Amino acid sequence: MNAIEVKDLRKTFKVQKNREGLKGAFADLFKREYSEVTAVKDISFTIPQGEICGYIGENGAGKSTTIKMLTGILVPTAGSLTVGGYVPYVERERFVQNIGVVFGQRSQLWWDIGVIESFQLLRKVYRVSEQDFKKRLDELVERLSLQDLLNRPVRKLSLGQRMRCELVAALLHNPSILFLDEPTIGLDIVVKSEIREFLKGMNSEHGTTILLTTHDLQDIEALCSRVIMLDDGRIIYDGGLEELKQTWGTGREVVFQFGFATKLEQLQAWTEGMPVTWTAENDLGAKAWIPLETNVSDVLGRVVGKADITDIKIIETNTDDIVRSIYQSGSAERPQDPQEAAEPEKEAANV
């Protein structure tokens with residue numbers, strides 16, 4: 001069963017054009033001019049129940065606009081969508097019982113009252129029974145270690161503490177679908193790690209479907225097996241994160257530290273016939289650049305046992321670099337190998 005179904009979704013905004021100068025401002029009082037901006041351009045995707053999917057893109061790509069349509073805040077200009085079997089902007093009251101939402105830069109907690117009072121108010125909003133509320137709250141408070149925060153006013157919480165409370169607030173009514181828009185923005189590495197582990201646990205134990213938008217690709221790597229990439233309102237990639245790495249990764253770097261000086265010529269001789277590029281770091285260190293199609297263990301097998309190795313570090317292609325390359329090219333199609341590109345030219349020259 002699909003938790004989210006989107007078909008040819010489009011959202012267009014009418015934006016006022018401001019004319020320059022005093023004369024232009026005066027003219028705008030009587031006759032305003034507008035231009036149309038299309039933020040989301042006929043996108044389609046489905047997310048099965050229980051999946052954690054990353055939804056990424058540069059600023060202005062259309063991520064937040066999509067989330068606002070999926071949560072019923074905005075009405076689409078065209079296309080169709082269902083979330084948990086409901087059309088968000090049509091069946092709003094029943095629909096919201098089935099979803100939880102966390103916007104990293106906005107709060108659903110009341111600023112000047114205690115955290116527990118905010119939770120009690122949300123219980124009434126979502127019409128959760130006292131028994132279910134207590135059971136759910138105890139579980140969430142235990143998992144996120146909020147026991148000492150419940151009676152504090154929200155304004156006295158740190159950002160990390162508030163974000164943990166925001167997660168509880170979004171999950172009190174036990175939604176089957178959770179939307180997270182920049183949930184770890186501005187948080188330190190310890191709090192980020194805690195939130196990631198919590199979300200993985202919720203997905204594993206309760207089957208909660210999670211759609212995550214973020215600029216922190218470490219969130220994507222830690223949580224998501226699938227990623228949807230948006231550029232200028234269009235989907236340019238929808239697939240597995242590992243597949244993306246295999247397609248766009250250029251290779252791996254293996255850094256060796258030796259117990260005694262090992263010459264570059266010796267390393268090259270040991271790996272002769274393999275597509276490995278060696279560079280010297282110093283007398284006791286060297287780097288091997290290994291293309292993706294070559295097995296790292298084969299290279300290690302040629303060197304280990306012959307050299308006095310004190311340390312080995314394998315560096316994979318950075319996901320940030322991969323995503324940056326895709327946006328620079330404007331397409332997630334497999335980059336063509338220069339040799340492959342040259343083949344058609346050779347054939348054409350021979351005709």
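The values are calculated or read from the model by the stated rules, or taken from the named source; none is laboratory data. Predicted, not measured: the structure shown is a model, and the values here were computed from it. Every residue, glycine among them, receives a Cβ derived from its backbone with ideal geometry; neighbour counts consider all protein chains shown. We work out accessible area using only protein heavy atoms, side chains counted, and drop any ligands, DNA or RNA first. Shrake-Rupley method; radii C 1.70, N 1.55, O 1.52, S 1.80 Å.
What figure, in Å² to the nearest 10, do you get for the accessible area of W111 with a 1.4 Å probe and non-protein molecules left out?
Surface accessible to solvent at W111 totals approximately 130 Å².
Keeping all protein chains in the complex and leaving out DNA, RNA and ligands, what accessible area do you get for Y34 with a 1.4 Å probe, in Å² to the nearest 10?
Near enough 110 Å² of accessible area.
Could you give the distance between the Cα centres of region 237-280 and region 1-30, to the whole Å?
50 Å
In what sequence, largest accessible area first, do M229, M1, M274 appear using a 1.4 Å probe?
M1, M274, M229
Using a Gaussian network model of the chain with C-alpha springs under 10 Å, which one of G79, G207, G21 is most mobile by mean-square fluctuation?
Among G79, G207, G21, the largest GNM mean-square fluctuation belongs to G21.
Could you work out the local net charge near Q97, counting Lys and Arg as +1, Asp and Glu as -1, over the other residues with Cβ closer than 15 Å to its Cβ?
Net charge in that neighbourhood comes out at +3.
Report the Rg/Rh value for region 110-245, based on alpha-carbon coordinates and the Kirkwood definition of Rh.
Computed over Cα atoms, the ratio is 1.00.
Straight-line reach from K124: which aspartates and glutamates fall under 15 Å, measuring Cα to Cα and dropping same-chain residues less than 8 apart?
Those aspartates and glutamates meeting the cut-off are E93, D132.
Take the Cα gyration tensor of the chain, multiply each eigenvalue by 5, square-root it, and list the three semi-axes largest first, rounded to whole angstrom. Let's see the in-between values first.
Numbers: eigenvalues 416, 197, 79 Å².
Equivalent ellipsoid semi-axes, largest first: 46, 31, 20 Å.
For E20 and E197, compute 0.36 nm times the residue count separating them, minus their Cα-Cα distance, and round to one decimal in nm.
Computed gain between E20 and E197 is 58.5 nm.
Using only helices, what value at 222 nm comes out for the chain when you add -39,500 (n - 2.57) per DSSP H run of length 4 or more and divide by the total residues, to the nearest 500 deg cm²/dmol?
Mean residue ellipticity at 222 nm (helix-derived): -11000 deg cm²/dmol.
Picking from I228, I210, I309, which is most flexible by a Gaussian network model of the chain using Cα springs under 10 Å?
I309
Around I113, under 12 Å between beta carbons, what's the net of Lys plus Arg minus Asp minus Glu among the other residues? Could you put the intermediate results ahead of the total?
On the way: positive: R152, R155, K156; negative: D112, E117.
Net charge around I113: +1.
Among E36, E51, E182, which one moves the most in a GNM of the chain with springs linking Cα atoms closer than 10 Å?
Fluctuation is largest for E36.
What's the local net charge at V128, with K and R +1, D and E -1, over the other residues with C-beta under 11 Å away?
Neighbourhood net charge equals +4.
Could you work out the Kirkwood radius for region 81-182, taking every pair of different alpha carbons, averaging 1/r and inverting it, reported in Å? Mind dumping the intermediate values first?
Values: mean 1/r = 0.0710 Å⁻¹.
Taking the inverse mean of 1/r over all distinct Cα pairs, region 81-182 comes out at 14.1 Å.
Largest first, please: the extent of the C-alpha atoms of region 128-172 along each principal axis, to the nearest Å.
Computed over the Cα atoms, the extents are 29, 18, 18 Å.
Work out how far the C-alpha atoms of region 17-60 reach from end to end along every principal axis, then list the three figures in whole Å, largest first.
Largest to smallest, the principal-axis extents are 57, 18, 13 Å.
Taking Cα pairs under 8 Å and at least six residues apart, what relative contact order does the chain come out at, in percent?
It rounds to 17 percent for the chain.
Could you state how much accessible area T277 has, in square angstrom rounded to the nearest 10, with a 1.4 Å probe and all protein chains kept in place?
It works out to around 80 Å².
Which whole-Hz couplings ³J(HN,Hα) result when phi for each residue of region 7-19 is put into the Karplus expression 6.51 cos²θ - 1.76 cosθ + 1.60, θ = phi - 60°, listed in order with x for Gly and Pro?
9, 6, 7, 9, 9, 10, 10, 9, 10, 6, 9, 8, 7
Relative contact order of region 1-96: what whole-number percent is it, with Cα pairs under 8 angstrom and at least 6 residues apart? Walk me through the intermediate numbers first.
Numbers: 157 pairs, mean separation 36.4, N = 96.
Relative contact order for region 1-96 comes out at 38 percent.
Which of rounded, prolate, oblate describes region 278-318, given a ≥ b ≥ c as roots of the alpha-carbon gyration tensor eigenvalues and a/c under 1.5 marking rounded, otherwise prolate only if a/b is larger than b/c?
Oblate.
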